[in-house]
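Right, one structure below, let's go through it.
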Amino acid sequence: MKNLQKNDNASEELDVTLHSTSTKPNLKGDRSSLFLLIILYIMQGITFGFSILALPIILQSKKVVTYGEQALFSYVLWPYSLKLCWAPLVDVHYVQWIGKRKSWLLPVQYLMGVVLLYAANNINDWIPETGKPNIVMLTCLFFVLNLLASTQNIVVDSWALTMLKKANLGYSSVCSSSGFAIGIMLGSVFPVLFTSEDFYNKYLRNTPSMGGIMTLESLLFICGILFILVATLIGIFKKEKDTRLEDNYEQLHITNSYKLLWDILKLPNIRALLIALLTMKVGFSAMRNSLLYLKLVDAGVPKDDIMVLTTAMFAVKIVTPIAVSKYTSGPKPMSVCLKSMPIKLIWSLTHIGFIYFTPMIIYSNGILNIPIYYYLILGFLNAISEALSYIMLVATTAFFSRISDSRFGGTYMSLLNTVTNFGMTYSTSIGLKCMDFLTFKKCSNDSKNNCSTMNLKKVCDENYGNCLTTVDGYYVEIIICVVIGFIWYGLFRNMLKNFQTKSSSYWMVYVNQQSEEKVDVSVDPCSK
């Protein structure tokens, strides 16, 4: 009881200190740092955009890539879901004369540049004009690239806490969200549209000719050079503050950092919450817009038009968090998420009808002729879907901010966000993998040939037949996911609503005073 009272008093003392030292934001002296943070987050977004949108759409447009192979490639995003495993290493191991954050940022960014240059040198072999793409090599290389990018994300998130004045720390989240969104847009739009001959001839050329504005090889080469150039400029011109001179400086040990994670995980309410977060996205595994775009490419919609629409959706991603901020900033943000969830589940059923009628709408007498109203309907469906997704995202993040122990905010938030990202990543991979399993086909002139493998499809083609889809796994999977989503909603709805009513002490970490003396409440929570 004495220890509990001592921790409560220390927590109250910390709250008083934080409030008393807060000042109004003043950007004087921090504008260059904010610009640098935006640039670094844009670079992380570029690699993410390549991985989550550009390459899957380019691969699908080749018409020789299965959804099982798309599921394999989706593993390239797993480092973002696993970065908590090595985040403590980034905090405690560094070279002092280089700088705590630059010790990691510079080699990581140089390596990202080298990987991009290597990709540029081999991309034409891995994605040939004709023939099967080398999915294994693409997956391995972009997994390494995202491993480096996720490490850079840890470094930049931490560096922002010391790079900016304490009064301006709120701007770091603006840099993160806006920079990352811009990077995703650049990393997805440029590789698809700027390398597209059809897009160039349709919108930018007076006389049709061969090739796009640039090749995928040249685009990767330019990105690699830019990554190396920015790292060099940071190494020469950006000075890092010596964290040893700060009042709250503590020399952390790797065992302390990992034990803090264990202390958080020992909280029974956290364990229940993590189970909910790990399974929350399963009901939406077939409803991601990236999967919808793949189905549209299969149906015959030009990938260039899809990327133009994707670019327009970034406006929704920017406006939605602002529009719902007055509701998510209240005492019960998860209620907003829980109200949006069944709406999104039901809304996903519109994808079934839209995909089903797409071939009837876009083809006229066997000729591709997409009417304007088709794109308006698609834009409306996507805008609602994106808005609901971002409402849930903003509400969930606001809930994390409310329950996280402020003394260890960095570790606490990283744990919750990492588990959430992992829940989304593995459910997306499973959703793509199950697509082929739930799809049934047969050859038009051989009922015994189910076209389940590339060899069987080839046999059907050689016999002048066509592989006809009898059951589309996309429709089946959406219905299954909606059912799973409502089951999850029934199991966890009341629990999450009750979590909102708990006091802050319900989520606090009462560390062992003897073994964790250096990470107690005397440490600035921002340094964690």
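The values are calculated or read from the model by the stated rules, or taken from the named source; none is laboratory data. The structure presented is a predicted model; accordingly, all values stated were derived computationally and were not measured. Reconstructed Cβ throughout: ideal geometry from the backbone, glycine too, with neighbour counts over all protein chains shown. Side chains included, ligands, DNA and RNA excluded: accessible areas come from the protein's heavy atoms. Shrake-Rupley method; radii C 1.70, N 1.55, O 1.52, S 1.80 Å.
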(message) With viscosity set to 0.692 mPa s at 37 °C, what whole-number translational diffusion coefficient in µm²/s follows for segment 264-372 from Stokes-Einstein and a Kirkwood radius over Cα pairs?
(response) 191
(request) Mind giving me the FRET efficiency for residue 430 and residue 236? R0 is 56 Å, r the Cβ-Cβ distance, nearest 0.05 is fine. (result) 0.75
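Just check segment 73-120 against the gyration tensor rule for me: Cα atoms, a ≥ b ≥ c as the square roots of the eigenvalues, rounded for a/c under 1.5, and otherwise prolate or oblate depending on whether a/b exceeds b/c.
Details: a/c = 4.89, a/b = 1.30, b/c = 3.76.
Oblate is the answer for segment 73-120, as a/c is 1.5 or above yet b/c matches or exceeds a/b.
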(message) Only sites in a loop by DSSP and with at most 14 other Cβ atoms within 10 Å count here; which trypsin sites (Lys or Arg not before Pro) in segment 414-516 make the cut?
(response) 448, 502
(message) At 37 °C and a viscosity of 0.692 mPa s, what translational diffusion coefficient does Stokes-Einstein give for segment 366-484, taking Rh as the Kirkwood radius over Cα pairs? Give it in µm²/s as a whole number.
(response) 176
(request) Rounded to the nearest 0.05, what FRET efficiency do residue 444 and residue 364 give with R0 = 30 Å and r taken as the Cβ-Cβ distance? Could you check? (result) 0.85
(request) From largest accessible area down, sort 469, 310; use a 1.4 Å probe on the protein chains. (result) 469, 310
(message) For the pair residue 357/residue 126, report the inter-label distance in nm, with labels modelled 7 Å from Cα in the Cβ direction.
(response) 4.0
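Which loop-located trypsin sites (Lys or Arg not before Pro) does segment 84-167 contain, where loop means any DSSP state but H, G, I, E or B and the Cβ has at most 16 other Cβ atoms within 10 Å? It would help to have the intermediate numbers written out before the result.
Working: sites: 100, 101, 102, 165, 166; in loops: 100, 101, 165.
In loop regions of segment 84-167 (DSSP not H, G, I, E or B), the sparsely surrounded trypsin sites (Lys or Arg not before Pro) are 165.
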(request) Obtain the nm distance between the two label points defined at residue 372 and residue 62 by a simple spin-label model: each point lies 7 Å from its Cα along the Cα-to-C-beta direction. (result) 3.7
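So, counting K/R as plus one and D/E as minus one, what does the shell of residues with Cβ under 12 Å around residue 484 add up to? Mind dumping the intermediate values first?
Values: positive: 281; negative: 477.
With Lys, Arg at +1 and Asp, Glu at -1, the neighbours total 0.
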(request) Just grab the label-to-label distance for residue 469 and residue 308, each label 7 Å out from Cα along the Cβ direction, in nm (one decimal). (result) 2.4
